[in-house]
Amino acid sequence: MSPDSGRPRSLFEKVWDAHLVKAETADTPAMLYVDLHLVHEVTSPQAFAVLAGRGLKVRRPDRTLATIDHSTPTLDFAPGESPPYATEAARKQVETLQANASAHGITLHGWDSEYRGVVHVIGPELGATQPGMTIVCGDSHTATHGAFGALAFGIGTTEVGHVLATQCLLQRKPKSMRITLEGPTAPGVSAKDIILAVIAEIGVDGGTGCVIEYAGEAIEALDMEGRMTVCNMSIEAGARAGMIAADETTFAWLKGREHVPSDPHKWDMAVTHWSHFRSDPGAHFDREVVIDATQIRPMVTWGTAPDTGIAVDAPVPAARSASHARALGYMQFEAGKPVSGAKVDQVFIGSCTNSRITDLRAAAAIMSGRRVAPGVRALVVPGSVAVRKQAEAEGLDRIFIEAGAEWRQPGCSMCIAMNGDKGEPGQLIVSTSNRNFEGRQGPGARTVLASPATAAAAAIAGHVIDPATLMEPAHA
Ligand SMILES: CC(C)[C@H](C(=O)O)[C@@H](O)C(=O)O
Ligand code: SF4
């Protein structure tokens, strides 16, 4: 079916229809063709082992792209030296992916690649992520790529094996939901604040079984990095995927990247093709939510689920359930008092939610000419080698280092604490990542999710604080 035929369709339906190999029946899910399969070291070893056990080849190595990110140390090491892996298991995961990629002819952005980085940062950066595509990865934050108008799902390890072997995925058609963010956001409010406010509004299961399309003035005004931040956290509202229709901002961002056409005629054809992938007027959504974006303030989470976002200086709500009371106890917050003022032990600026150049610029703007508070450890972890280089070209690394923060090599780092970067029991971490579950950043560590500006401000102040108080440049 052509992208524009028939009744009004949503962006999601258009991408779905364009990739349908076989429609679903009562007994069988639909079969979807996958344009891009992203692979990392944590969820791929078993899938490759199944292939090997059955003597199967990777169907489309040219549509498969791998990187190492979760288990990789972010500490420097000299060329020729072995990377300082935190555990033998981490080393094994990386070495297994290296062996599998070379056995199957898959491009791996490994230790020596200029494009190594967190899988959801490098796909877009390379221009491998494109509007109208289906993209999968054995990783729940694959929704990030939906910021380009792609349909991007996280899949399980068994499905990783299926896609490696067939380049197809079996899926029941998800329901559709549109979240419209009306009006402009106030100055100083970032994409992270928007998505934390959205999830606080709809809840951790508000998007269950759905593909969410984000629309409205506040979304259209976001740059691509901000749109990725929003789509990234769709999974934290239970959604299968998040999407934003591609527009001029998208095309301008993609132009000149490695995997997009460089020939001007082919580029124009690609833009024409991509432009079809937007919701028609009158398209049906199973659920519609409208949020007044003008009311959104800098957000922080007070609990141990991503839907516990509140304005940084708003009072923590009184416990409404046993799990709510447990979360308050774990976080050591008091109902009726704001999160602002809470003493901070560590600050983590990074992860596939907020480790791109604009995130680092926002953090650097606050840290510039200031010092990280005594007793606070601040880790700045760029999302990729390319982001790191760009930041260094702009002098952001100097700003972080002079402020007393640690400037690290790219990777998932303290977002998931698999690589040795972690919080200690009881420590409070203000983190730009996406999950604040108990122990996510180390056993007993307490996570407050926030934007890069709010995290940087917490590092400087030594306690959680409204970033607006530090948005004026420091005096030299
Ligand atoms: C390791 C991986 C399976 C996991 C995910 O799927 O999201 C990780 O990236 C995370 O953020 O928890
Ligand atoms: S940065 Fe965090 S959320 Fe993103 S892929 Fe890595 S572990 Fe998962």
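Quick notes on this structure:
- When the range 363-414 is filtered for residues that are within 16 Å of ligand 1 (Cβ to nearest atom), out of contact with any His (no Cβ under 9 Å at 6 or more places or on another chain) and within 26 Å of residue 468 (Cβ to Cβ), the ones remaining, listed by number, are 381, 414.
A quick yes/no check of all residues on (1) crowded, with 23+ Cβ neighbours inside 10 Å; (2) β-branched (Val, Ile, Thr); (3) within 16 Å of ligand 2 (Cβ to nearest atom):
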residue	(1), (2), (3)
335	no, no, no
340	no, no, no
349	yes, yes, yes
359	yes, no, yes
362	yes, no, no
366	yes, yes, no
374	no, no, no
385	no, yes, yes
398	no, no, no
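- Tabulated pairs, the range 405-416, first more than 13 Å from residue 353 (Cα to Cα), second surrounded by 24 or more Cβ atoms within 10 Å (Cβ to Cβ) and among the small types (Gly, Ala, Ser), C-beta under 7 angstrom, 6+ apart or interchain: 405/378; 405/459; 406/378; 410/117; 410/383; 410/384
Yes or no, residue by residue, for (1) in a loop (DSSP other than H, G, I, E, B); (2) more than 14 Å from residue 158 (Cα to Cα):
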site: 25; (1), (2): yes, yes
site: 42; (1), (2): yes, no
site: 46; (1), (2): no, no
site: 56; (1), (2): yes, yes
site: 69; (1), (2): yes, yes
site: 74; (1), (2): yes, yes
site: 77; (1), (2): yes, yes
site: 80; (1), (2): yes, yes
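- Selection of first residues in the range 33-44 that are over 14 Å from residue 101 (Cα atoms) and away from ligand 2 (no atom under 11 Å from the Cβ) and of second residues that are in a loop (DSSP other than H, G, I, E, B) and not polar (S, T, N, Q), restricted to Cβ pairs under 7 Å at least 6 apart or on distinct chains, gives the following pairs, ordered by first then second residue: 33/19; 35/133; 36/128; 36/133.
- Scanning the range 254-292 for residues that are among the acidic types (Asp, Glu) and in contact with a Pro (Cβ under 6 Å, 6 or more places away or on another chain) yields a single hit, 280.
- Any hit, the range 404-419, residues being in contact with a Leu (Cβ under 8 Å, 6 or more places away or on another chain), modelled with pLDDT of 95 or more, under 16 Å from residue 330 (Cβ atoms) and not assigned by TED's automatic domain parsing to the domain that holds residue 43: no
- When the range 82-127 is filtered for residues that are hydrophobic (A, V, I, L, M, F, W, C) and assigned to a loop (DSSP other than H, G, I, E, B), the ones remaining, listed by number, are 86, 106, 111, 118, 126.
- Strands (runs of 3 or more DSSP E) fully within the range 135-226 counting 1 or more residues that are acidic (Asp, Glu) and touching a residue at least 12 places away in the same chain (Cβ under 8 Å): 175-182, 210-215
The values are calculated or read from the model by the stated rules, or taken from the named source; none is laboratory data. Note that the coordinates shown come from a computational prediction; the quantities given were computed from them, not determined experimentally. When we count neighbours, we look across all protein chains shown, and the Cβ atoms used for this are built from the backbone with ideal geometry, even at glycine.
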